[in-house]
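Each reported figure results from applying straightforward, stated rules to the coordinates on display, with no laboratory input. Note that the structure is a prediction, hence the values are computed from the model and not measured. When we count neighbours, we look across all protein chains shown, and the Cβ atoms used for this are built from the backbone with ideal geometry, even at glycine.
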Amino acid sequence: MSTTGGTNRGSGGRGERRPAVTGSGAGRTGGGGKGAGQGGGTRRRDEQGRERNRGGDRQFSQAAPSQRTRRADPARLVAFEVLRAVAAEDAYANLVLPTSIRRHRLDRRDAGFATELTYGALRGQGTYDAVLARCVDRPLDQLDPAVLDALRLGVHQLLAMRVPAHAALDQTVGLVRAVIGAGPSSLVNAVLRKVTARDLDGWIAVLVEGLTDPTAIAALRHSHPEWIVRAMRQALVAHGRDVTEIDALLAADNAAPVVHLVALPGLGTLDDALAEGAEPGRLAPGSASYSGGDISRLPGIAAGTLRVQDTGSQLVARALAGVDLAGRRTDGPEQWLDLCAGPGGKTALLAAIGLDDGVHLTANEPVPHRAQLVRQALRPVPEESWTVRVGDGRDVGREQPESYDRVLVDAPCTGLGALRRRPESRWRRKPSDLVGLAPLQRELLASALDAVAPGGVVAYVTCSPHHAETDAVVDDCLRKRPGFERLDAGAALDAVSIGGALDAGHGTSAQLWPHVHGTDAMYLALIRKTP
């Protein structure tokens, strides 16, 4: 399983036992005579007459044993709380983690440690559970779920972070004592000591021994469900890449993602972010990457003119805005539609791009609270240039036929292309999810094709490379509809990228990849209605 190095915790600071100090006070005096307490400063003998403490003055920890073992390190407690919320409440780690960090008032160093521990344990869950199954004397589903989450945190520290083994053991056991109880802490201590028998490579060698199925081997080695490994292998081939890239793709899913930023064109700037250590983006204009910690400190974030957005999302939005139309029926400003707008990241970028040309953008979102997020995202853009519609996107084509020049369909999907950013998704998603999403994806694209004006362009986008959610959807919809043509999406991406050579096209569609482009695995198809 590919991992990234974590913060070195436990050496000389939190995670190590406190330094011992010489005992003094009650029961001892500074001289060799008998003190006030029984036994005083004389040598002490046991019942057999043997001397005790023959090494001189005894050494004591500054904290009593109960205090040492029952303390939960705040950074590890944050990681534990997030794992519990993910498992018990179906929460998303990226939403829960910042709140927990603020509640426990972690400094920058501890926040970084908590983040690596949280996401690392979630990404590695498949491999770590396979290791734990070899070290626990009962099926894992018979363990208290809270204990299992604590064990996963311990295993990640032992096998994939630069945390000394004794610190990982001591602090994980202390966490369990503090938040679960003394009884389970003995189990956790015993299990984690067994884990220390091998390093990560050694454990993987044990786990894959005797296996011949490359999918099963890759699933254990890279901590992905087998069905996702199989789907990714098929997706690579379907989009014109070599199946041997599967290991690199899965490893990229396990790498800690760098934060991507975009300055809204004409409204924001990257200058302050670059001054704070951000690096200019390599692929998209107006973009940057940032790994300096809390992004809320960056000027422009609070105002919304500087936004966190994956470079792949930036590129597909820019490609739709940049592709040529084939004639229009009216001379007024273009009308754009974001059919599935929530939470509003691509919406805000599109609206900003269209400002100079007087474009009016309609953002459709069926869920009221997500529609409010879209309004919030659009806050920096002049209000007269956008409208938020709350309604079912499948109705727009019927209610407003041939009304829009450019339509974005950022379709609901499995999100398999963003597993590095949402690691818990790989354990939640099931193959049956594809069956439920397929009709919705087709109906939304059909509505967009009805809503686009002659000569206008529809962009069908998913954050998934799965064939069932990408070319299969587009091909099915166009098979039943004459009067549409597919444009070269790869060329459209090249035209709006820095350098103009993304190597993302295959046929008329385009697919970005984490291991190739450093982006989420965004798919893009561009469809024009013939004028």
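What's the lysine pair count for the chain at a Cα cut-off below 30 Å, pairs eight or more apart or interchain?
5
Give the separation of the Cα centroids, the range 312-339 to the range 450-473, in Å.
14
Order of 493-500, 410-417, 328-335, 86-93 by packing, highest average Cβ count within 10 Å first?
410-417, 493-500, 86-93, 328-335
With point charges of +1 on the Cβ of Lys and Arg and -1 on the Cβ of Asp and Glu, referenced to the Cα centre of the chain, which listed residue (T508, V243, L83) lies farthest in the positive direction of the dipole?
Result: L83, furthest along the dipole toward the positive end.
Given a cut-off of under 8 Å on Cα pairs at least six residues apart, what relative contact order in percent is computed for the range 69-200?
32
Let me have the 222 nm mean residue ellipticity of the chain computed from DSSP H runs of 4+ only, each contributing -39500 (n - 2.57), with the sum over all residues rounded to the nearest 500.
Helices in the chain give a 222 nm mean residue ellipticity of -13000 deg cm²/dmol.
Using mean Cβ contacts within 10 Å as the protection proxy, how do 386-396, 138-148 order, highest first?
Listed from highest to lowest mean packing, they are 386-396, 138-148.
When only alpha-carbon atoms are used, what values of Rg and Dmax, in angstrom, describe the chain?
Looking at the chain, its Cα Rg and Dmax stand at 28.6, 108 Å.
So what is the diffusion coefficient of the range 80-155 in µm² per second by Stokes-Einstein at 25 °C and 0.890 mPa s, using a Kirkwood Rh over Cα pairs?
This corresponds to a translational diffusion coefficient of 188 µm²/s.
Along each of the three principal axes of the Cα atoms of the range 455-519, give the extent in whole Å, ordering the values from largest to smallest.
36, 27, 16
Mind computing the radius of gyration and Dmax over the alpha-carbon atoms of the range 216-269? Å is fine for both.
15.9, 50
Direction-averaged shadow area of the convex hull around the Cα atoms of the range 311-529, nm²?
11.7
Where the Cα atoms of the range 198-244 are projected onto their three principal axes, how long is each span, largest first, in whole Å?
Taking max minus min along each principal axis of the Cα atoms, the range 198-244 gives 39, 18, 17 Å.
Using alpha-carbon pairs under 8 Å, 6+ residues apart, how would you state the relative contact order of the chain in percent?
12
About the Cα centre, and with charges only on the beta carbon of Lys, Arg (+1) and Asp, Glu (-1), how big is the dipole of the range 69-200? Nearest 20 debye, please.
Using only the charged Cβ atoms, the result is roughly 380 debye.
Dividing the alpha-carbon Rg of the range 69-200 by 2.2 N^0.38 Å yields what?
For the range 69-200, the normalised Cα radius of gyration is 0.96.
With a 10 Å radius around each residue's Cβ, average the other Cβ atoms per peptide and rank 260-271, 374-385, 472-483, highest first.
260-271, 374-385, 472-483
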